[in-house]
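Okay, structure first, notes after.
The values are calculated or read from the model by the stated rules, or taken from the named source; none is laboratory data. Every value quoted in this text rests on a predicted model; they were computed, and no experiment measured them. Note that we place each Cβ from the backbone using ideal geometry, even for glycine, and neighbour counts take in every protein chain shown.
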Amino acid sequence: MNRSITGIHFELTEPIKAYADAAVESLEKYHLDIISVSTIIAAKEKNGKKGFSTEFIVNLKDKNTFVITQNDKDVYAAIDIAIERMKKGLRRYADKIKDHKIMSFKDLGVDAQAVSEMTNEEVEIVPMDLELHKPIDFDEAIDALRAETKRQFIVFNDQDGKMRVMYKRADGKFGLY
């Protein structure tokens, strides 16, 4: 992991650098393949009040970037609060990745079988009743959906001759594509 600490309008002392570096070191416990962490500490003055702004920019392997900015009167307090916020964001991201289901064929492993490897003997074609797919009008589509308990959508022709899809919504109403 590449680390950089920058001071803007502020001279970084060794204790502050060591403190920020130790804070960044604590981010490795999430095992997220962190590529780089940039820490920017800036002295700011607004309305005659002096303070510090700490910004952590964390770049992850999967082109994800987390940016946290924290303002405080004390530079150490700004670092602490910013790193806690960063930990919270990284923990949520790590939980999201951990709970993610397998989506790619490569992730299925050696037991997965490609569709192209299937033989024609394994493919079964089931004939459909053509009466189910005859063109119907709008009123017939509503009546058919109200009567059906298994089917969730129906295809019909509208007045312009275009194919449309009507479907049942969870709230009991009907939707139309």
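Could you grab me the full set of residues in the stretch 53-96 that are of a type in the set (Asp, Glu) and assigned to a helix (DSSP H, G or I)?
Once the filter is applied, which keeps residues that are of a type in the set (Asp, Glu) and assigned to a helix (DSSP H, G or I), the stretch 53-96 yields Asp80, Glu84, Asp95.
Answer with yes or no whether Lys73 is modelled with pLDDT of 90 or more, among the basic types (Lys, Arg) and touching a His at 6+ places or on another chain (Cβ under 9 Å).
Criteria not met by Lys73.
Could you tell me which numbered condition Leu32 fails, if it satisfies all but one of (1) assigned to a strand (DSSP E or B); (2) surrounded by 14 or more Cβ atoms within 10 Å (Cβ to Cβ); (3) modelled with pLDDT under 95?
(1)
I'm told Ala20 meets every condition in (1) free of Cβ contacts under 8 Å to residues at least 40 places away in the same chain; (2) more than 25 Å from the chain's Cα centre (by Cα) except one. Can you identify the failing condition by its number?
(1)
In a helix (DSSP H, G or I), touching a strand residue (DSSP E or B) at 6+ places or on another chain (Cβ under 7 Å) and either in contact (Cβ under 8 Å) with a residue 60 or more places away in the chain or small (Gly, Ala, Ser) (or both), is that true of Ala43?
no
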